[in-house]
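Chemist: Please see the structure below; I have some questions.
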Amino acid sequence: SHKSSSSLVKRHLQRNTFHTVYGIEIGNNTGFDAEESTLNKKVIVQDLPDSKQVVEDAVWFVEPFAFKKGQTISIKSESLTLQADENTLKRILINLIGNAIKFSSANSKIEVSVSFVQGLAMFSVRDEGPGIAAENLETIFESNRQVANKAVGEVLGSGLGLSICKELVQALGGKIGVGSGESGSYFWF
């Protein structure tokens, strides 16, 4: 119907605006790598964003890619008022969720959560992918480092995504980490 077509066009325009504002490169179903040249070392907090809204906005941005693969994304988030830059948080989450989509097989589940742990907001992204080998866990946040993922197929990318996430998290004064087993990975910051 005309109403639904208009709604889809509006959503597409919003997504393209989001793409431009957040500097996310998307193409050939392999995107989600942020451009290194747009990385700001200092992050200035202008507003106090709500954690749940930040997560919902990030998921909204990547959900079409999950839908194409039959993946589901669940959100488990407390509503916390954050002292952090909203755009930076979204950029980190988009990259982590995008990687979960990219490196997980079709029809898998991804969980994004935020909780209050020892006075801090703890964001996490958990997937059901093939996991990351123990020998790669310590170097995964280095620039131009991309681990091959044979279970999903060859995945193209710059290998900058996780190193940019690390820099952004550090610019916010936080820490980032990863855990992985035989099945699935768990990124947190």
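Quick note: the coordinates plus some simple rules give every number you see, no bench work behind them. Everything quoted here is computed from the prediction, not taken from an experiment. Backbone-built Cβ (ideal geometry, glycine too); neighbour counts: all protein chains shown.
Chemist: With charges set only on the Cβ (+1 for Lys and Arg, -1 for Asp and Glu), what does the dipole of region 63-135 come to about its Cα centre, in debye to the nearest 20?
Modeler: Rounded to the nearest 20 debye, it is 240 debye.
Chemist: Ok, one more. For region 49-147, what mean projected area does the convex hull of the alpha carbons give, in nm²? Mind dumping the intermediate values first?
Modeler: On the way: hull surface 27.3 nm².
With every direction weighted equally, the projected area is 6.8 nm².
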